[in-house]
Every structure is written in C-alpha cells, then in structure tokens.
Amino acid sequence: MNGHHLRWLYGELPGLLDAGVLTPDAAARLRAHYGEAKPVSRSGIALVMFATLGAALIGSGVILVIAHNWDMFSRPVRVAIALAPLLVGQGIGAWVLLRRAHSVAWCEGVTLFIGAGIGASIAIVGQVYHLPANLSAFYLTWILLFIPLVYLFNSTTGAIFYLVGVLVWAGNVQFGLSTHSVLGFWPLTLLILPHAFFAWRANPGGVRANLLARALVLYFTIGIGLVLERAQPGLWMVIYTAYFAILLLLAPAWPARGVRNPFLWFGCGGLLIIALILSFDSPWRDLVRDRAYRDGAFATWAVLQDNLLGVLAPALALLLAWRNCARDWIYNAFALALPALTVVAFAVALFTQTDVLPIVLMNLYLFVSGVGLLYTGFQRGALAMANYGLLSIALLAVFRFFDADLPILFRGLAFILVGVFFLVTNLYLVRREARA
Amino acid sequence: MKTVSFKLGCFALVVLVQILVPLQMTQTREKVLQRGTLYKFRANPVDPYDAYRGRYVSLGFGTESIEHPKGVQLPTTRQEGYVVVRPDDAGFAVVEDVVLQRPSSGDYFKARVYGGRDQQVWMEYPFTRFYMEEDAAPRAEQAYRQGRRDNRAEAYITVRIHAGQAVIEDLFVDDIPIHEYLRQNPDSRAQP
C-alpha cells in the first residue's frame, strides 16, 4: 500500500475506534502490519523531475555542442573533447555512489547525463573519422554501454531511456539498411526486466513500479509491431488481439484500479482499436490474396518467431483466463472473445479465401460486446464499463457510416442519434448512482 | 559499506568499458590512416544534416555498381562483402571485384553488397559522409556546384585502405583540400 493510502487509513483509525468498529488491539495490529506511512514530499518529487529534465537537457545540449564539429582542432583533441562529457559524468557518478547513493534526484540525473555522454562520445568519434551512418550499430552500442547504469543507480528514467533506445534500434533494423537481426529485441528486453521486477517487489503501488508498468506496456505494444517479420499476412491480428487480452487478464493483479491501471486501459483500448481495424476489409484483403507485406526474402528465425508468438500469445491468454476464472467470468469472456474470434476469422480467411465472413464476424463482435458491456455496466452500476460498451457501438456506427455510401443528411441524423443516446445513457447512470 | 564498495567496483568496470569502446574505434581508424594505401574516389558532394553528428557533406560516387563475372550471382538482400580495388594511373580507385570471402592479398575494404539485375553487383561504400563545420558544409557544396557550372571543379575524396578498413582522409575540390579551398574562395556562400 502506498503512502497516500496509508495516511488515509491511519486518518480513519481514530473514528473507527470511537465507533467501536475496531478494537485498539486490532488498530495496533494494522499499524504494525503496514508500518510507518512515509510522507510523500512534493518538493522531493519536483526535485527528481527537475534533476531528470535538467540532466536530459544538458545531455542533449552537450551532443549538439559537440556536433558543431570543431574543425580547428586536431583529431586527438577532438576525440578528447568527445570523451570529456562522459568522463565528467562518470566522475559525478562515482561521487553520487559514494555520497548521494540514496538521493533519487542525483541518481536519476547522473544516469541520464552519463547516458548522453556515451552517445556523444560514440557519435563524435564517428564524426572525426567520417564514419557512415550505421545507425543500428550506433544505437546498439549506446544502449549496451548504458544499461549497467540503470542497475548501479537504480534509475527508472534510465530504464525508460533504455526502452526507447531498444525501440529505436529495432525500428532501424526492421526498416533501415541494417545487417542486424531484429530478434535481438528479445534478449535486449530481458536485460531490463529484472529492474522492473525489483521496482515492483520493493513497492508494488509505488511511483517507480507504476511508471515502469506504463512504459513496458507501451514498449511491448510498439515493440511487437516492430519485430514481426510479417511473412504470414494476418498473423499480427492473432498476436495483437492475444497481447491486449493478456494485458486485460493481468489487470486485476495490479494494485491500482481504473485509469490508474495501465494494464486495464491499454488492454481495453487496444482490443477496441484492433476490433475496429479488423471490421474494415483492408486487413483481410492482404490475407485472402496471400500477399506478404514486404517483397524479398524473409529471415528464417524471424518467421519462426512470428509463428511462435502466434501460438504462445493465445496460449498465455488462455492460461491467464483459466487462473482468473473463479473471479469474474464476464471479464474473462470479454478478454478472450476477440482473440478467439480472430483465430477463427484468420483460419476462415486463410482456408476459404474469403474476407466476407471475417468482416461480418468482427462487426458482430463489436456490436454484441458493446451491447453486452453496456447491459452489464447498467446492471452493476459500472459507469466506465457501460461507457466502454457505448463507445464500441458508437464507433462501430460512425465507421460504418463513413464506409457506406449514404447521403450526408442521413449520416448527420445518425450522428445526432448516437450522440443523444450517449448523453441519455450517461445521465441515467449518473442519476441512478446518485440515488444509490 | 560492502555494498558501496561492490557498486563502486562494478561502476569502475563499466566506466572502463564505456571509455574503451570509443577509444578502440579511434585506435582502429588511426591505424588505417597511418598504414593504409591512399586512394582517390570521385565524389558528388551535397550537404545534409545528422542530428547527432552535425552537418556533413554527403558523397555520391556514381560507381557503386559493377558488372559481376558471369555465373556468379549475389542474393538481392544486403550482406557483408569485400570490394577489391586497384589504383589507376592518376591514383583513382578502380573496383576490380566484389567478393564475399575476405581476399588474401591486395587492397580491399568491407562494404554492404547485393546483387541486382543483369549481373550487376551493388556496393554501399563505408565512406559516404564528410563531416564539416555547420557553415562550411553548405559552402563546400556551393563551391563544388559553382565549379561544375564553370566546367572545372572536380571533387574527390582521399581514402586510406588497410586490412579491409577504409577511412576518409580529406575532401578535395579542384585538387585542393576543401578547407584550403574555402579559405581561398571566401565568397563561396551557401545558397539559402
């Protein structure tokens, strides 16, 4: 439990004791169980933010100053200039480890500063010797030299910087002129997971764990799209729907609720967006025509990776649903419905070479799940769930109106109808909640 | 205290590697510049920008493909290969062959190569950028263009080649090193 919640709980205790809800003994046991409520210092958080931002700005400035290209100096002098920010950063780093190891602001700031120093030193050596733009090698060297700092300084912004670096590297490998294999994404990802695990174990509801959870969820959402070899058209649908289902099924295990739970809103949002995309004909057209997304040869291991992901992701979603099954079957059914339907639609499109049935299935899914969630939301008085259902139906209607060749007047009326339906439903739910 | 010492020890190791990597890059190139054979490559400079390394003169060569010996076909995907060169009478590089195995003798450098249509083999030279100061790079391009209009300027780079590595030494316009050329022609201004 984080400090904010603990302070609330401890603030409630005197009232609960007076009302006889808790005995003094039980209150003391609660205090002993949860321990001291550490004060959250706003100035401390601001200091960390400013230190991080300052280090990032200074680091970027250093890269630009060095990139100026100091033609008047000899090569050795320019190499020395290139190494100077790195050496200064490392000197500060040693001092921080000795004297300020417990200062989050110093640790976060110096990690980013040394990180910028590493990038600047490699870039400037490239500049001095006129090396070609081998960006994937540049990014890979940079992040590999940087990653130990994340652990030495326990730096979460450093971890996020690393994740961004891996994504940029993977994007460059997949879409640039690189001889690297994009499969390196997985071992590179493994390097950062222990940091996320330690942060979560230290304080599951803490700022670090929350930041890293958001970053990792976003990282995998982008990363999967980058690493897929796409030799088999349409396999991405199965993998992505299963991935968002996994997020949704992991959400109940995360301490935060509602929008503060990144697994929940990424899972819900992802499923809705993918379902909407799949309700159009273009994703299925490629599959039916058996057209690969890229010309030329595919890397064998990367194709194997795609196939493995296509099997493992749905299997993991099933496993999680099975473990969660005692909790809320509607929740599980909603999480699993889209991946299951996508697998069926994928198989139908692949073997029957028709895109009509998959498109119909996806449109039906959006409508049925939307109505189902709206109804369940009404029954449970869950405003967010009802709105999500309503949003599904509304977006489905909007997109189909754009799709169909209907007169403008008809479309306008339909939009007004959907908007009024939205407002009335919400009004009803809010009033019902107020009455309750 | 033990934890601090352990962390400091690890940090010292990390620091060492972080410094050694750029130094090793430097060392390799210095060796090529000192021991390598000098070649000239005709170039067409234009002036773009790199966010990390600043402004540079991008070099196009117009000789990035050769007709490969019959019967030898390279795959269309890029892979590491070796470009074998020899100098002509004026010291300009002539590409003799492109091979996938490291040659046992002669001058050659590593490059990304791939096969094209009609027995053509394409090469991506590992020296396509000549970094210059922010205001000098556009002036260099402008000087070259002006010279081309007057039918006199020829631009080439000098490259040192040694043990499969190639490192640019200088950029020449009209047989004059570019910095010297810009000093002699202070009026060559970059066009907006």
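The values are calculated or read from the model by the stated rules, or taken from the named source; none is laboratory data. Keep in mind that what you see is a predicted model, and the values were worked out from it rather than measured. Here the Cβ positions follow ideal geometry from the backbone for every residue, glycine too, while neighbour counts run over all protein chains shown. Only protein heavy atoms, including side chains, enter the accessible area calculation; ligands, DNA and RNA are left aside. Shrake-Rupley method; radii C 1.70, N 1.55, O 1.52, S 1.80 Å.
How high is the relative contact order of chain A, in percent, with contacts defined as C-alpha pairs under 8 Å that are six or more residues apart?
Working: 460 pairs, mean separation 44.3, N = 436.
Dividing the mean separation by the residue count of chain A yields 10 percent.
Can you tell which of A:234, A:210, A:73 lies farthest toward the positive end of the dipole of the protein assembly as shown, using +1 and -1 charges on the Cβ of basic and acidic side chains (Lys, Arg; Asp, Glu)?
The residue sitting most towards the positive pole is A:210.
Modelling each spin label as a point 7 Å along the Cα-to-Cβ direction, I'd like the residue A:25/residue B:80 distance in nm, to one decimal.
7.3 nm
Which FRET efficiency, nearest 0.05, do residue B:67 and residue A:277 yield, Cβ-Cβ r, R0 30 Å?
0.05
Residues of region B:7-24 with accessible area at least 30 Å² lower in the all-protein-chain context than alone (1.4 Å probe)?
B:7, B:8, B:11, B:14, B:18, B:19, B:21, B:22
For chain A, build the charge dipole from Cβ charges (+1 Lys, Arg; -1 Asp, Glu) around the Cα centre, then report which of A:331, A:430, A:11 sits farthest towards its positive end.
So the residue we want is A:11.
State the answer as a single residue: which of A:50, A:28, A:173 lies farthest towards the positive end of the charge dipole of chain A, with beta carbon charges of +1 for Lys and Arg and -1 for Asp and Glu, about the Cα centre.
A:28
Does chain A come out rounded, prolate or oblate, given a ≥ b ≥ c as the square roots of the eigenvalues of its C-alpha gyration tensor, rounded meaning a/c under 1.5 and, failing that, prolate meaning a/b above b/c?
Oblate, since a/c reaches 1.5 and b/c is not below a/b.
How much length, in nm to one decimal, is gained on full extension between residue A:289 and residue A:323, taken as 0.36 nm per residue of separation minus their Cα-Cα distance? Provide the component values of the computation, followed by the final result.
Details: separation 34, 0.36 × 34 = 12.24 nm, distance 3.87 nm.
My answer for the length gained is 8.4 nm.
Roughly to the nearest percent, how much of the accessible area of region A:96-194 is carbon and sulfur, given a 1.4 Å probe?
70 percent
Given the protein chains as shown and a 1.4 Å probe, how many square angstrom of residue A:289 are accessible, to the nearest 10?
Roughly 150 Å² of residue A:289 is accessible to a 1.4 Å probe.
Per-residue Cβ counts within 10 Å, from other chains only, averaged over A:137-149: what number is that?
2
What does the charge add up to near residue B:27, with Lys and Arg as +1, Asp and Glu as -1, over the other residues with Cβ less than 13 Å from its Cβ?
Spelling it out: positives minus negatives among the neighbours equals +3.
For chains A and B, what's the summed buried accessible area, probe 1.4 Å, to the nearest 100 square angstrom?
So the buried area, both faces added, is about 3900 Å².
From largest accessible area down, sort B:110, B:40, B:2; use a 1.4 Å probe on the protein chains.
Heavy-atom accessible area, descending, gives B:2, B:110, B:40.
At R0 = 22 Å, how high is the FRET efficiency between residue A:410 and residue A:368 if r is their beta carbon distance? Nearest 0.05 is fine.
Numbers: r = 24 Å, r/R0 = 1.11.
About 0.35, to the nearest 0.05.
What order do A:142, A:329 take when sorted by accessible area (1.4 Å probe), most exposed first? Mind showing how you got there, number by number?
On the way: A:142 25, A:329 185 Å².
In descending accessible area the options line up as A:329, A:142.
Students sometimes get this wrong: rank A:5, A:195, B:179 by accessible area, probe 1.4 Å, all chains present, largest first.
Most to least solvent-accessible, the answer reads A:5, B:179, A:195.
Using unit Cβ charges (K, R positive; D, E negative) and no other charged atoms, how large, in debye to the nearest 20, is the dipole of region A:235-436 about its Cα centre?
Using only the charged Cβ atoms, the result is roughly 780 debye.
In percent, how large is the relative contact order of region A:277-436, given Cα pairs closer than 8 Å and 6 or more residues apart?
Relative contact order here is 19 percent.
With every protein chain kept in place and ligands, DNA and RNA left out, what is the accessible area per residue of the protein assembly as shown? Probe 1.4 Å, answer in Å².
Details: 32140 Å² over 628 residues.
Spelled out: the 1.4 Å probe surface of the protein assembly as shown, per residue, equals 51 Å².
How do the peptides A:149-160, A:74-85, B:120-131 rank, highest first, by the average count of neighbouring beta carbon atoms within 10 Å per residue?
Descending mean neighbour count gives A:149-160, B:120-131, A:74-85.
So for the pair residue A:330, residue B:104, with labels modelled 7 Å out along Cα→Cβ, what separation do we get in nm?
Using points 7 Å along Cα→Cβ, the separation is 7.8 nm.
Provide a whole-number value for the mean count of partner chain Cβ atoms within 10 Å of the Cβ atoms in peptide B:130-136. Show your work: numbers first, answer last.
On the way: counts 1, 10, 4, 5, 4, 0, 2.
Neighbouring Cβ atoms belonging to other protein chains average 4 per residue here.
How big is the charge dipole of the protein assembly as shown about its Cα centre, in debye rounded to the nearest 20, if each Lys and Arg gets +1 on its Cβ and each Asp and Glu gets -1 on its Cβ?
I would put it at about 1980 debye.
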